[in-house]
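The structure under discussion appears below in the form of structure tokens.
The values are calculated or read from the model by the stated rules, or taken from the named source; none is laboratory data. Fair warning: this is a prediction, and the values are worked out from it, not measured in the lab. Please note: Cβ atoms are built from the backbone with ideal geometry, for glycine as well, and neighbour counts cover all protein chains shown. Please note that ligands, DNA and RNA were not included when accessible areas were found on the heavy atoms of the full protein model with its side chains. Shrake-Rupley method; radii C 1.70, N 1.55, O 1.52, S 1.80 Å.
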Amino acid sequence: MLRTAGVGVGDEVVVPAFGNVEVAEAVVQVGAMPVFADIDPVTYCLDPSCVQAAVTPRTAAVVAVHRFGRTADVGALREAGRRHGLLVLEQGELEAPYEESAQRRERAAYLDARLRGVRTPDGGDGHTYQQYVVRVPGNGRPDRDAFARALRTRGVDCRVPVKTPVHRLPEFRRCVSLPETERAAEETLALPVDASLTRREMQRIVSACNALGGPIVVGSTAVFGV
């Protein structure tokens, strides 16, 4: 899409750093320069105000990436695009069938009502819960990683959704301030929310999370109690 729109050498394209590297790679493939903007901490998608701050005379386009089942604020991004003469592209997620999305929402609602010690996601309008992403409180990455290890020992198949922001990868390293991106990469953890989960499996997720009771930080070491 970038190449078709005439984006190329000498152009800049604003993209998120929180997520997969493929978007930045696509920008490089057409000869343009990826410029990273910060995310909204609720949706994990590009923050329109941060996009505006990243625009320069060389900016040709913005790529809005929908994340975890939440959609980016495309209306605000398109308004910024009209104001600055920019192309606004969207990268969506594979849409699940309606019945599967409904089942995911039911399981998300179950977790929302019962989880303690983690910050549950903001459902928002139209959240399809492609991933159920919580925030683990405490001292950032060490506490989140310790929490994840403790959950796995209790049989919960959790995972870190974004291990390293793109602007921290060697091939895309930038000296740029993206505090919400950094914080999200250090605190987020995706819990199971598949439509196939049984009530017993959901109960096990809740019991495992709540039994940990949140991180107890001793010096620089996180300890989780039962």
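Brief remarks on what is shown
- Residue ID - surrounded by the most Cβ atoms within 10 Å (Cβ to Cβ), chosen from residues in region 122-141 that are within 26 Å of A96 (Cβ to Cβ) and of a type in the set (D, E, K, R): R135
- Inter-residue pairs, beta-carbon under 7 Å, first surrounded by 24 or more Cβ atoms within 10 Å (Cβ to Cβ) and in region 1-28, second assigned to a helix (DSSP H, G or I) and polar (S, T, N, Q), 6+ apart: A17/T181; F18/T181
- Sole residue being of a type in the set (D, E, K, R) and crowded, with 17+ Cβ neighbours inside 10 Å, chosen from R114, R144: R144
- Note on region 29-38: among residues that are in contact with a Leu (Cβ under 9 Å, 6 or more places away or on another chain) and not acidic (D, E), the one that is surrounded by the fewest Cβ atoms within 10 Å (Cβ to Cβ) is Q29.
- Pairing residues of region 147-158 that are surrounded by 12 or more Cβ atoms within 10 Å (Cβ to Cβ) with residues that are modelled with pLDDT of 95 or more and in a helix (DSSP H, G or I), at Cβ distances under 6 Å and at least 6 apart in sequence or on separate chains, gives L151/A208; R154/A208; V156/I205; V156/A208; C158/A148; C158/L151.
- In region 170-181, the residues that are within 24 Å of V134 (Cα to Cα) and out of contact with any His (no Cβ under 9 Å at 6 or more places or on another chain): S177, P179, E180
- Some residue of region 3-13 being among the hydrophobic types (A, V, I, L, M, F, W, C) and modelled with pLDDT under 95: yes
- Members of region 173-194 found to be open to solvent by less than 10 Å² (accessible area, probe 1.4 Å) and either basic (K, R) or assigned to a helix (DSSP H, G or I) (or both), listed by number: T181, A184, A185
- Every residue from region 62-101 that is at positive phi and surrounded by fewer than 20 Cβ atoms within 10 Å (Cβ to Cβ): G85
- L197 falls short of the stated requirement of being outside any loop (DSSP other than H, G, I, E, B), open to solvent by less than 40 Å² (accessible area, probe 1.4 Å), under 20 Å from T120 (Cα atoms) and modelled with pLDDT of 95 or more.
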